[in-house]
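The values are calculated or read from the model by the stated rules, or taken from the named source; none is laboratory data. Note that this is a predicted model, so its numbers are computed, not measured. Positions of Cβ are backbone-derived with ideal geometry, glycine not excepted, and every protein chain shown enters the neighbour counts.
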Amino acid sequence: MPHFDRVAQFLQNPRNDDFAALYHDAADELKQKIIAKRAQFGAFDDIFLFMYEQIQQKRDVLKGKRRLISILLHYMYFNCDIGIKQLEENEDVVHADA
């Protein structure tokens, strides 16, 4: 979470519109994959590990950048860009849970 403000500022800066578009495309693609494969996993942490491994396998340029990938995946989850928003029966808080 300490990096979330910097990520948000970067994505909101108009000169980074191309990167913001890539971010939103990637988040949407990941969200669709999570929805399609959710039943195959237990905890959401298992999904994070799966996504990380898939990203590492398909994007050679990102190999060795686990921390950066982890920050972006957690940022996407925290901002409900991936996962499904769900209202708990006994709570007034909306959270992401795929």
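For the stretch 6-27, state whether one or more residues are assigned to a loop (DSSP other than H, G, I, E, B), over 16 Å from the mean Cα position of the chain (by Cα), over 13 Å from residue 81 (Cβ atoms) and of a type outside the set (Phe, Trp, Tyr). Step through it out loud before you land on a result.
If we filter the stretch 6-27 for residues that are assigned to a loop (DSSP other than H, G, I, E, B), which is where we start, we get 13.
In the following step, the residues that additionally are over 16 Å from the mean Cα position of the chain (by Cα) were identified as 13.
Cutting the leftovers down to over 13 Å from residue 81 (Cβ atoms) gives us 13.
Adding the requirement that they be of a type outside the set (Phe, Trp, Tyr) leaves 13.
Looking for residues that are assigned to a loop (DSSP other than H, G, I, E, B), over 16 Å from the mean Cα position of the chain (by Cα), over 13 Å from residue 81 (Cβ atoms) and of a type outside the set (Phe, Trp, Tyr), one finds at least one in the stretch 6-27, hence yes.
Among the residues that make up the stretch 34-41, is at least one of them part of a helix (DSSP H, G or I), surrounded by 15 or more Cβ atoms within 10 Å (Cβ to Cβ) and free of Cβ contacts under 8 Å to residues at least 60 places away in the same chain? Steps first, please.
From the stretch 34-41, those part of a helix (DSSP H, G or I) are 34-40; that's our starting set.
Subset that is surrounded by 15 or more Cβ atoms within 10 Å (Cβ to Cβ): 34.
In the following step, the residues that additionally are free of Cβ contacts under 8 Å to residues at least 60 places away in the same chain were identified as none.
So far as the stretch 34-41 goes, no, none of its residues is part of a helix (DSSP H, G or I), surrounded by 15 or more Cβ atoms within 10 Å (Cβ to Cβ) and free of Cβ contacts under 8 Å to residues at least 60 places away in the same chain.
What are the residues in the stretch 49-70 that are of a type in the set (A, V, I, L, M, F, W, C) and out of contact with any Phe, Trp or Tyr (no Cβ under 8 Å at 6 or more places or on another chain), if any?
Of the stretch 49-70, the ones of a type in the set (A, V, I, L, M, F, W, C) are 49-51, 55, 61-62, 68-69.
Scanning the stretch 49-70 gives 49, 51, 55, 61, 62, 68.
Cβ-Cβ contacts under 6 Å between residues 6 or more apart (or on different chains), taken from a first residue in the stretch 5-29 that is under 15 Å from residue 69 (Cα atoms) to a second residue that is among the charged types (D, E, K, R), are listed as 27/81. Selection over the stretch 42-80 of residues that are surrounded by 17 or more Cβ atoms within 10 Å (Cβ to Cβ) and touching an Asp or Glu at 6+ places or on another chain (Cβ under 9 Å) gives a count of 1. Restricting attention to the stretch 59-90, the residues being part of a loop (DSSP other than H, G, I, E, B) and at pLDDT below 75 number 9. Pairs meeting the criteria (first residue in the stretch 42-55 and touching a residue at least 40 places away in the same chain (Cβ under 8 Å), second residue of a type in the set (D, E, K, R), beta carbons under 8 Å, at least 6 apart or on different chains) are 44/97; 47/37; 47/38.
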